[in-house]
């Protein structure tokens, strides 16, 4: 009897946290969003198919003759075709994944469960900051297992989100709650400061977690870069070679 009463109480709390149907108008917003996503998918796929046909042409374009060798053109063409084929699979998977998330209401489900969890822990489920942080934690754990097993970069990105996400989200929610008529101005100022701060922090701290930075050795390349920077009056202080080729075969980044 006691477990049944607890289950009933939890169900009542769950129902109270779910938005009522009367809160929405008669317009089918969810169906409209999913329909728009599907239309955009087919339109973009049509454009990608046209581009794929161009990439499949075996002859070197006239504008590139004498500039690119046949060997380099063949390698670039093969790479572009492989990338295009993978893009079709990736886009199809994405539309199925996003459609399933919206159709089955996975994000509202996690949001609702976070409210129940906060209530069980003695917190106020109406506190938007606590509930948002719990929601971010739940969705992170949801994808953590696969990420932890296979993708080092995704692990680092997830850890960065855990460290940087809560204070940023908390600040945004606080501004939304207290902003009043000047909310847009406050949010603009906050995002401006955040963007400038991230521009300064990213190359110094964050990028080094994902790539190896090696000082560019003395030589002809360094001399030409320094000469160009001097000509343009660019305040060049340091030059590094980044091991971008470990993640892409396009080129290395310097």
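Yes/no matrix, rows are residues, columns are (1) in contact with a strand residue (DSSP E or B) (Cβ under 8 Å, 6 or more places away or on another chain); (2) touching a residue at least 60 places away in the same chain (Cβ under 8 Å); (3) loosely packed, with under 10 Cβ neighbours inside 10 Å; (4) farther than 30 Å from residue 125 by Cβ:
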{"position": "33", "(1), (2), (3), (4)": "no, yes, no, no"}
{"position": "44", "(1), (2), (3), (4)": "no, no, no, yes"}
{"position": "58", "(1), (2), (3), (4)": "no, no, yes, yes"}
{"position": "63", "(1), (2), (3), (4)": "no, no, yes, yes"}
{"position": "98", "(1), (2), (3), (4)": "no, yes, no, no"}
{"position": "112", "(1), (2), (3), (4)": "no, yes, no, no"}
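If we scan segment 77-92, do we find a residue that is surrounded by 11 or more Cβ atoms within 10 Å (Cβ to Cβ) and assigned to a loop (DSSP other than H, G, I, E, B)? Scanning segment 77-92, I find no residue that is surrounded by 11 or more Cβ atoms within 10 Å (Cβ to Cβ) and assigned to a loop (DSSP other than H, G, I, E, B), so the answer is no.
Say whether the condition of being over 24 Å from residue 241 (Cα atoms), touching a residue at least 12 places away in the same chain (Cβ under 8 Å) and exposed (fewer than 14 other Cβ atoms within 10 Å of the Cβ) is met by at least one residue in segment 183-204. Looking for residues that are over 24 Å from residue 241 (Cα atoms), touching a residue at least 12 places away in the same chain (Cβ under 8 Å) and exposed (fewer than 14 other Cβ atoms within 10 Å of the Cβ), one finds none in segment 183-204, hence no.
Do we have residue 75 as at pLDDT 85 or above and under 30 Å from residue 98 (Cβ atoms) here?
Numbers: at pLDDT 85 or above: yes; under 30 Å from residue 98 (Cβ atoms): no.
So residue 75 does not fit the description; no.
Of the residues contained in segment 122-143, none is found to be farther than 23 Å from residue 171 by Cα, at pLDDT 80 or above and surrounded by 11 or more Cβ atoms within 10 Å (Cβ to Cβ). In this entry, residue 235 is excluded by the filter for residues that are in contact with a strand residue (DSSP E or B) (Cβ under 9 Å, 6 or more places away or on another chain) and without any contact (Cβ under 8 Å) to a residue 12 or more places away in the chain.
When the residues of segment 145-160 are filtered to those that are in a helix (DSSP H, G or I) and loosely packed, with under 14 Cβ neighbours inside 10 Å, which remaining residue is modelled with the highest pLDDT? Step through it out loud before you land on a result.
Kept after step one, since they are in a helix (DSSP H, G or I), are these residues of segment 145-160: 145-150, 152-160.
Pick out the ones that are also loosely packed, with under 14 Cβ neighbours inside 10 Å and you get 145-146, 148-150, 152-153, 159.
Values: 145: 40, 146: 40, 148: 43, 149: 39, 150: 44, 152: 69, 153: 67, 159: 82.
Residue satisfying both the conditions and the ranking: 159.
Restricted to segment 164-238, the set of helices (runs of 4 or more DSSP H) holding at least 1 residues that are at pLDDT 85 or above comprises 183-201, 220-231.
The values are calculated or read from the model by the stated rules, or taken from the named source; none is laboratory data. From a predicted model like this one, the values you see are computed outputs, not experimental measurements. Cβ sites come from the backbone with ideal geometry, for glycine too, and all protein chains shown count toward neighbours.
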